[in-house]
Amino acid sequence: MTDSHLDLKTDIPHSARVYDYLLGGKDNYPADRAAAASITADWPNLPKSMRANRSFMARLAHRLAAEHGIRQFLDIGTGLPTAPNLHEVAQTVAPESRIVYVDNDPIVLVHARALLTSTPEGRTSYLDADFHDPDAILSSDQLGETLDLSRPVALSLIAIVHFMPDDAVVQDIIDRLMEPLAPGSMLALSACTADSAPEEVTAGVAAYNANGIPLVARDKAGMERFFDGLELLEPGVVLVNHWYPDEAAAEVDDAHVHMYGAVARKPA
Ligand SMILES: C[S@@+](CC[C@H](N)C(=O)[O-])C[C@H]1O[C@@H](n2cnc3c(N)ncnc32)[C@H](O)[C@@H]1O
């Protein structure tokens, strides 16, 4: 497939490819690398913060599978495949785990094959859809054929809602996605905050916006509100390096982590 068939818009920086570049990946273009250079001039610790977030994602998938018995995941804003992917972590604990990945970036779609490497006992599927269209996600064949909504599902929104500045829009979509999920389902969220490094993150957010990528930083109360109506699990909304840290996370400096993360359970 060529770029023109897919309209990859490689001349415009894109969040998934900027993220890929800053994590050391190869699926990015000159416009993404130029944007990354200008953003990190203002936001030098962004790559460290992104790595802390990625490590949070892996600890989260492991803990949900190992401690909470979660066997189904709906991961929206998946990003380009990066080792380990969520299904690889979950299936290490429980090979029968089933995962639906969703992203709206055509480049992620091109690389989706790397996400479809399920164990034979489990299943993974990939859906090219927009977070803003929860009905399309919930009614998709990919979801219908992969997940059993009568059993708990973890909805994971890792490093995506900070691209959506309107709290009410995000809340409405979260509510609509959680509504059909069984009691015991989980909402796992991480998003950008300036609380740990106000000057640096404020400058960095402005640099993202100047590169045409909308980004917003939220404070702790703003993050906590997304969990209204759910049972926020310990330790609540924390910088992602503080969420059940492993040895590496425990050594990270808080001033270098600009992401809050938390998990909550849908009550019976
Ligand atoms: C920063 S990456 C995070 C990737 C991964 N979740 C992680 O934390 O490592 C954000 C991802 O969200 C996707 N995204 C942004 N807006 C989206 C939308 N409206 N619908 C679906 N995906 C979206 C981007 O394409 C990108 O792949």
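Every number in this text was worked out from the coordinates using simple rules, so none of it is lab data. What you see is a predicted model, and the numbers here were worked out from it, not measured in a lab. Methodologically, a virtual Cβ is constructed for each residue, glycine included, from the backbone with ideal geometry; neighbour enumeration extends over all protein chains shown.
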Handout entry: Between region 154-204 and region 28-43, the alpha-carbon center distance in angstrom
Key = 24 Å
Handout entry: Backbone N within region 61-77 under 20 Å of label point (7 Å from residue 119 Cα along the Cβ vector)
Key = 61-75
Practice task
Provide the three semi-axes, in whole Å and in decreasing order, of the ellipsoid equivalent to region 110-268 as defined by the square roots of 5 times the Cα gyration tensor eigenvalues.
Solution key: 28, 19, 18
Fill in the blank from the handout: Rounded to the nearest 5, the percent of DSSP beta bridges in the chain running antiparallel is 35 percent
Practice task
Using only the C-alpha atoms of region 75-119, find the volume of their convex hull and express it per residue in Å³.
Solution key: 57 Å³
Completion exercise
Most packed first (mean Cβ within 10 Å per residue), the peptides 211-217, 165-171, 49-55, 188-194 order as 188-194, 49-55, 211-217, 165-171
Exercise for the section: State the percent of C-alpha pairs, over all pairs in region 1-95, separated by a distance greater than 16 angstrom. Expected result: 62 percent
Completion exercise
Mean shadow area (nm²) of the C-alpha convex hull around region 145-237 is 7.1 nm²
Completion exercise
Taking Cα pairs closer than 8 Å and at least 6 residues apart, the relative contact order of the chain in percent is 19 percent
Practice task
Only helical DSSP H runs with n ≥ 4 go in: add -39500 (n - 2.57) per run for the chain, normalise by residue count and round the 222 nm mean residue ellipticity to 500 deg cm²/dmol.
Solution key: -11000 deg cm²/dmol
Practice task
May I ask for the Kirkwood hydrodynamic radius of the chain, worked out over all distinct Cα pairs and given in angstroms to one decimal?
Solution key: 18.6 Å
Practice task
Work from the charge dipole of region 173-245 (Cβ charges, +1 for Lys and Arg, -1 for Asp and Glu, about the Cα centre) and give the residue of 213, 198, 226 farthest towards its positive end.
Solution key: 213
Practice task
Please compute the net charge surrounding residue 58, taking Lys and Arg as +1 and Asp and Glu as -1 over other residues with Cβ under 15 Å from its Cβ.
Solution key: -1
Problem - Under 26 Å between alpha carbons - lysine pairs in the chain that sit 8 or more apart or on different chains - result: 4
Problem - Separation of the residue 195 and residue 268 label points, Cα + 7 Å toward Cβ, nm - result: 3.2 nm
Handout entry: Packing-based order for 91-100, 72-81, 240-249, using average beta carbon neighbours within 10 Å, highest first
Key = 72-81, 91-100, 240-249
Problem - Binned Cα-Cα distances of region 191-263, short to long, each 5 Å bin given as a whole percent - result: 3, 17, 23, 21, 18, 12, 5, 1
